[in-house]
Amino acid sequence: MLIRKVRKSELNKVIEMKIKLYQHSRNLENKDIDRKEIPRIIKAVRASYSSFKNRIFVCEIDQKIIGFISISVNFYRFGFKIKFIGSIGDFFIYEKYRGRGIGSKLKKIAFRWFKKWNCSSVSLKVHPKNISTQMIYENWGFIRGNLEMVKRLSKYL
């Protein structure tokens, strides 16, 4: 098993996994996938790869990518002080590879990267109905925070 930064040539594999993650979220809501979202997903993965404050790490087994974690660092200014907050954007492992500690290894490399940035905390979002994933994050030391509510102002945002 190898955990490493994604290569540009592998972005389509990450996009494929992110679409599966999106499908899973839609299934939790008993909704069909919105095909109009696919271009947005592609754009988001490519933008994440290109940004200096983002990273995508993949797990490779037998030269096959079986999971990834997408992370970023956000900057907040408090007067003259800048605070760095880490964020886990997407996290996916193919079902047949789950329960082998791969997620913990991806988390470990992500947290090393956050520490390099001097992040004071790390946040993430998880679907309210995704109880098993919430339990994993709680086992990693995350605590439930505020409920986030979003109103989309444009179909292009």
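Computed from the coordinates by the stated procedures, all read-outs in this text should not be read as laboratory data. Source: prediction; values computed, not measured. We place every Cβ from the backbone using ideal geometry, glycine too, and count neighbours over all the protein chains shown.
Going by neighbour counts of Cβ atoms within 10 Å, the residues C119, C59 line up, fewest first, as C119, C59. Size estimate for the chain follows the Kirkwood approach: the inverse of mean 1/r over distinct Cα pairs works out to 16.8 Å. Sites listed here are chymotrypsin sites (Phe, Trp or Tyr not before Pro) in the stretch 65-149 whose DSSP assignment is loop and whose Cβ has at most 11 other Cβ atoms within 10 Å: F80. Taking 20 Å as the straight-line reach from the Cα of K43, the aspartates and glutamates in range (excluding those fewer than 8 positions away in the same chain) are E10, E16, D34, D90.
Think of it as helices only: each DSSP H run of n ≥ 4 in the chain is worth -39500 (n - 2.57), and spread over all residues that comes to -11500 deg cm²/dmol at 222 nm. For trypsin sites (Lys or Arg not before Pro), the sites in the stretch 82-116 that DSSP calls loop and that have at most 16 other Cβ atoms within 10 Å are R98, R100. Cβ crowding within 10 Å ranks S120, S25 as S120, S25, fewest other Cβ atoms first.
Pairs exceeding a 22 Å alpha-carbon distance, out of K53/K129; K8/K53; K8/K83; K18/K115; K64/K125; K13/K116: K53/K129; K8/K83; K18/K115; K64/K125; K13/K116. Taking the centroid of alpha carbons for each part, the stretch 56-132 and the stretch 14-52 are 16 Å apart. Spin-label model, F142 to S121: label points 7 Å out along the Cα-to-beta-carbon direction sit 1.4 nm apart. Backbone N atoms of the stretch 25-50 closer than 19 Å to the 7 Å Cα→Cβ label point of K8 belong to residues 42-50.
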